Amino acid sequence: MSLMNRRMLPSVIFVVLSLSFAVFTAGILRVYAAPSFTVEANPTTLGPLAAGSGQTADSTITVTGHDGFVGTVSLSFPPSGLTESSTISSCSLDASVTSCSGTLTVTAASIHGPYSVDVVGSSSGYPDSTATVTVHVADFSVGANPSVVGPQNPGDTGTSTITVTAQDEFTGDVGLVLTTSSSHITASILPTSLTFTSSGPTSQTAMLSVSFDQLGTYTVLVKGQSTGYLDHSVLVTVISPATVLVVPRSQLLTSTGATVVYNVNVVSMPPFAGYDIMVVTNPNVLSPDSIDTSASALNPGTAFTNCVNNGFYANGTAIPLGSPGNINCGPGDGPGVAHSGFSSSGEFTGDGMLFSINYKPRTLDYTISASPSTVTFAAGQSGSSTINIALTSPPSTAVRLTEDAIFDSNGNPVSHNSINGNYGSVVTVVLKANPSKGLRSTVDPKFTIFTGSRTTGSATLTLTSGAAGTYSVVVTATLRYLNSDLRQVMVSHAITVNVIVT
């Protein structure tokens, strides 16, 4: 060995590595691996599982010791958002037992994934080893655009696009089922089912069509259903133009002494906090007796006006000042006027009742007269008399909104439409003549129809006789109408016309 070679021998150094060590013996450098362990999962991807279904999936967890590892490896499972269980929590390894394994079980969450489940192995003095299992929890969602359809008028058709989106590897069929809030709304959707595949689009659409036959605010619940999955829904609201209306729109004549109630309602109204509304009727037909705000949509609140008939009950009795019916009556609050003003510190929106008006109906009667009441004519000739009918009050009246104002919380007017009501019936008066012997008679027309504000009618009674003498004819009038119970009411009056034939 040369001098140069002898001098190089001490230059061989001892090298230490994190997972190995080196020893120089007999002129040879030997490198040894340090003991260690690993944690592994098989498979590393699970699912897809159906969200909220309670489905489970398993992965085998294996702990392996390397290069003479001796010790206990403890396993932990940091929170992942899933429910987990494991048949293995620790593993003791030595020269004879170099590995152990157990089963990790995960349960589908109610919310779609993916989720990462970590299995962390720890042993004192050694670096941790982690195995990660990715769990796919599939689901779908249902959305609507727009979620509010309208405002639209009765009979019109509105649409909304319903979007179903597959989430985290969802595949399968989604059926779309509709539930409407009222028999007054009609809804349909096309298509009624959507199919999702692994290679297809993750979002698909269907078209919802809606219409209604009566003013109001309605909803349609669009529910997506798929076997093995929880249902998912979206609510579509359908609105008509904001409207104040009298409800019911029409009522028939009712008996004297009964109470007739009309409500003043709002439909599809944007946020509002007050109103000031007058309702006018013909007091000879229907006289307001009181205003009730106890069920107002704006309760709690304050009635700043509550006035009927300028402070008088329907029977003409004065209402004490400051009592309901005589609160802040004004110049326009005359007979037949019901005036309600109300304010609230909060706001209301949608459909609701503002106030009720209790009315007392007038008696519907009539008089019959003849002009002339005695008719004279020569034998073989003819004579006539006019039969007059006069109702004591009109057969119907409008229940009419006037000075109709709705306010927001700042006192600004809220734009809206108004719809009136009606009270009363179509009244028919039938005439029948019954002459004495030797006298012939006809009446034309035999009946008269009264509607609206009409209160008078007439017919011609024609008389003939071939022989001189004194005669008479009884003319009977019968008034007929349907009442609120849909029963026919009849009131009869008669008059006698004297006849002298010369």
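What the table shows:
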item	result
Distance between modelled label sites at residue 221 and residue 148, nm, 7 Å Cα→Cβ extension	2.2 nm
Residue (of 442, 496, 379) at the positive-pole extreme of the chain, dipole from beta-carbon charges	379
Over the chain - Rg/Rh using Cα atoms and the Kirkwood inverse-distance radius	1.43
Around residue 58: net Lys/Arg minus Asp/Glu count, Cβ-Cβ under 15 Å	-2
Highest-first arrangement of 474-483, 373-382, where packing means the average Cβ count within 10 Å	474-483, 373-382
Potential lengthening between residue 432 and residue 205 on full extension [0.36 nm per residue; Cα-Cα distance subtracted]	74.7 nm
13 Å beta-carbon shell around residue 107, net charge (K/R +1, D/E -1)	-2
Spin-label model distance (nm) - residue 379 vs residue 491, 7 Å beyond Cα toward Cβ	4.4 nm
Cα centroid of region 108-141 to Cα centroid of region 172-191, whole Å	40 Å
Centre separation in Å (Cα based) which lies between region 288-367 and region 372-445	29 Å
Relative contact order [Cα under 8 Å, 6+ residues apart], region 356-502, whole percent	29 percent
Taking the chain and dividing mean pair separation by its residue count, relative contact order in percent (alpha carbons under 8 Å, at least six apart)	11 percent
Cβ-Cβ FRET estimate between residue 255 and residue 460, R0 fixed at 35 Å, reported to 0.05	0.55
Check: the chain dipole with +1 on Lys, Arg Cβ and -1 on Asp, Glu Cβ, in debye	1960 debye
Interchain or long-range residues, amide H under 5 Å from residue 419's placed H	244, 245, 246
Relative contact order, percent, region 285-379 [alpha-carbon distance under 8 Å, six or more residues apart]	39 percent
Gain on full stretching of the segment that runs from residue 410 to residue 367 - 0.36 nm per residue minus C-alpha separation	10.0 nm
Computed over region 386-502, Kirkwood Rh from alpha-carbon pairs, angstrom	17.8 Å
Sequence-distant residues sharing a close amide H with residue 336 (under 5 Å, placed H)	309
Counted charge near residue 303, where neighbours are those whose Cβ lies closer than 15 Å (Asp, Glu -1; Lys, Arg +1)	-3
Burial order of peptide ranges 41-49, 153-161 (average beta-carbon count within 10 Å, highest first)	41-49, 153-161
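Read-outs: derived from the displayed coordinates by stated rules, not from any lab. Treat the numbers as computed from the prediction; the structure is a model and nothing was measured. For neighbour counting, all protein chains shown are included, and Cβ atoms are generated from backbone atoms with ideal geometry for every residue, glycine included.
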